[in-house]
Amino acid sequence: MKNILFASSEAVPFIKTGGLADVVGSLPRYFDKKEYDVRIIIPKYACMADEFTKQMKLVCHFFVNLNWRKQYVGIYETKHKGITYYLVDNEFYFGGPSPYDKIYEDVEKFAYFSKAVLEALPYIDFVPDVIHCNDWQTGLIPVFHKVMYGSDEYYRNIKTVFSIHNMKFQGRWKINEIADITGLPRHVFNLRELESYGEANYLKGGVVYADAVTTVSPTYARDIMTPEGGEGLHGLMSARRDVLFGILNGLDYNEYNPKIDEYIKYHFEMSDLAGKKRNKEYFQEQAGLKVSDDTMLIGIVSRMTDQKGFDLVAYVIDEILETMDVQFAVLGTGETRYENMFHHIQSLHPDKVSSYIGYSEQKAHQIYASCDAFLMPSLFEPCGLSQLISMRYGTLPIVRETGGLKDTVMPFNEYENIGNGFSFEKYNAHDMLHVIHYAYNVFKDNRKAWNDMIERAMSMDYSWDASARKYEELYKTLEDKVI
Ligand code: ADP
Ligand code: GLC
């Protein structure tokens, strides 16, 4: 039996701000249970829902040294869908209204978390063969492990994997302060290890010190080795190419299943799409939009950041609304300028745009289930789960060909009647407009082709089965590796 410990700053159902939570909360359930004991460790945030926290049991507590600081660590335990979760409790660090706040607070919070994860192992009596770290918040785990615990018998055989879900966020801050927070020796803050552009960089630390590095799609693995996609670290990523693997994210097909989804009003499946049509009508009615099956309903469910391509949307949305019989169902929260844009557009076209600024799991599922198309024109996209969820619900994605969007959405080819969505290549508003127009024409004039495409999208298999096997293979290659 191999022991794997996933360390992350979020995991469903306990806490979620984006796709990272979906991945960490689902992938561990898809390993071969006869061979793998996979557990998860995350912070115990005060903002977690009571329904979860009240089921957690305190299993131990101790103090961890963060340089001159001595900080309390409580380890809680709970089980969810057969998986053991450990939760690191400290109200000073995790007492805020959301998981992330100012970067100068977060760098200390996640240095603490990373040290606490390593120190917790003897207390919970779980010696992992692999600690699988996720994103910059856990980047210091491989660093602490090698620099501070490497000679300790208990820790010596543990391997670390570092998964990059987003290169944009690296956890960068002043070297002096990070040295003071972490107690790491000064010599690690050099260009070949933790320093980048004059600052300490947690993501870089993870990439340099982990035994293997993964990212969440094959195309993004290539993108981050280029100056355009590497967010300043493309040289490092190229240097690590021998241990860098692009493994496509999967989707939890039980959680996202239009046949049984508790969040949607009418259930449906590929062989009977009547429920999908009724969801659309219901959505239009509730949102005060014209109820019409002939009007193309386009969904957007997204963090509202520049990553997601909203600058393109801002540029042409008026033209789209004025020239096509379409409606928009928008759900998201993030940067004020984008939130305001959707408010404004809704006030101009209340009969065509329904936008909800906020976070709602229920509304998200309703949009995926009700819409005809889903718009995701990302500037970059490490993998993207929203397009996978859309396809699962028979909603055709319209995406830009980048990262995981390129790996999962095959553009419609009308001559051969193949494809499961629509795509454009250049980050250009008129190219996007053009492809939305093309999708619109297919929807309006060639419903047979549209419906065939729904069938192809719904029969794609983006479940975790294939990708979980790839992680298993990766763990196996680490077994005999002497570092
Ligand atoms: P990212 O992780 O970059 O945000 P992904 O496509 O990988 O993008 O995952 C986004 C996840 O978060 C999906 O499950 C999506 O449905 C969900 N999501 C995003 N914004 C919201 C929101 N406002 N309300 C509910 N779910 C949301
Ligand atoms: C990140 C990426 C997204 C990816 C998700 C899960 O948030 O932006 O593309 O799907 O992580 O890996």
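Would you work out which of F63, Y393, F422 lies farthest towards the positive end of the dipole of the chain, given +1 charges on the beta-carbon of Lys and Arg and -1 on that of Asp and Glu, about the Cα centre?
F63
Just to check I understand the Karplus step: with θ = phi - 60° and J = 6.51 cos²θ - 1.76 cosθ + 1.60, what whole-Hz values come out for segment 469-474, glycine and proline as x?
Per residue, the Karplus-derived 3J(HN,Hα) values read 4, 5, 5, 4, 4, 4 Hz.
Given H placed 1.01 Å from N in the peptide plane, which residues other than close sequence neighbours of Y356 have an amide H under 5 Å from its amide H?
Result for Y356 returns V330, L331, G332.
Skipping prolines and chain starts, which residues have an amide H placed within reach, meaning under 5 Å, of the one on F268, given they are 5 or more residues away or on another chain?
K259
Across segment 209-214, in residue order, what do the Karplus-derived ³J(HN,Hα) couplings come to in whole Hz, using 6.51 cos²θ - 1.76 cosθ + 1.60 with θ = phi - 60° and x for Gly and Pro?
Along segment 209-214, the couplings run 8, 6, 6, 8, 10, 10 Hz.
How do F126, F342 line up, fewest other C-beta atoms within 10 Å first?
F126, F342
How many lysine pairs does segment 274-461 hold where the Cα atoms are under 20 Å apart and the two sit 8 or more places apart or on different chains?
Summing the qualifying lysine pairs gives 24.
How large is ³J(HN,Hα), in whole Hz, for each residue of segment 52-59 in order, when computed from phi with the Karplus curve 6.51 cos²θ - 1.76 cosθ + 1.60 and θ = phi - 60°, using x for Gly and Pro?
After applying 6.51 cos²θ - 1.76 cosθ + 1.60, I find 8, 5, 6, 8, 7, 10, 6, 9 Hz.
Can you give the % of DSSP beta bridges in the chain that are antiparallel, to the nearest 5?
Given both bridge residues lie in the chain, the antiparallel proportion sits at roughly 30 percent.
Nearest 500 deg cm²/dmol is fine: what mean residue ellipticity at 222 nm does the chain get from its DSSP H runs of n ≥ 4 alone, each adding -39,500 (n - 2.57), divided by its residue count?
Value at 222 nm, helices only, nearest 500: -11500 deg cm²/dmol.
Report the local net charge at K2: Lys and Arg +1, Asp and Glu -1, summed over other residues whose C-beta lies under 9 Å from its C-beta.
Once positives and negatives cancel, what remains is -4.
So if I take the centroid of the Cα atoms in segment 372-402 and the same for segment 293-315, what is the distance between those two points in Å?
About 10 Å separates the Cα centre of segment 372-402 from the one of segment 293-315.
Scan around S463 for amide H atoms under 5 Å from its own, H built in the peptide plane at 1.01 Å from N, and keep only partners 5 or more places away or cross-chain.
Close amide H contacts, sequence-distant or interchain: L251.
For D431 and K265, what does the FRET efficiency come to when R0 = 22 Å and r is the distance between their Cβ atoms, rounded to the nearest 0.05?
0.05
So, with +1 on the Cβ of K and R and -1 on the Cβ of D and E, and no other charges, what is the size of the charge dipole of segment 274-461 about its Cα centre, to the nearest 20 debye?
Around 420 debye, computed over segment 274-461.
Multiplying the sequence separation of Y154 and R469 by 0.36 nm and subtracting their Cα-Cα distance, what value in nm do you get?
My answer for the length gained is 110.6 nm.
Where both partners of a DSSP beta bridge lie in segment 274-461, what percent of those bridges are antiparallel, to the nearest 5?
Restricted to segment 274-461, the bridges split so that about 5 percent are antiparallel.
Using alpha-carbon positions, what is the distance between the centroids of segment 130-159 and segment 56-93, in Å?
Result: 17 Å between the Cα centres.
Positive end of the charge dipole of the chain (Lys, Arg +1 and Asp, Glu -1 on Cβ, about the Cα centre): tell me which of S26, V442, V143 has its Cα farthest that way.
Positive-most Cα among the choices belongs to V143.
For a label point 7 Å from the Cα of M1 along Cα→C-beta, name the residues of segment 94-135 whose backbone N is under 14 Å from it.
Answer for segment 94-135: 125-129.
Each value in this text was obtained by applying a stated rule to the coordinates, not by laboratory testing. These numbers were taken from a predicted model, which means no experiment stands behind them. Quick reminder, even Gly has a Cβ in these numbers, built from the backbone with ideal geometry, and neighbours come from all protein chains shown.
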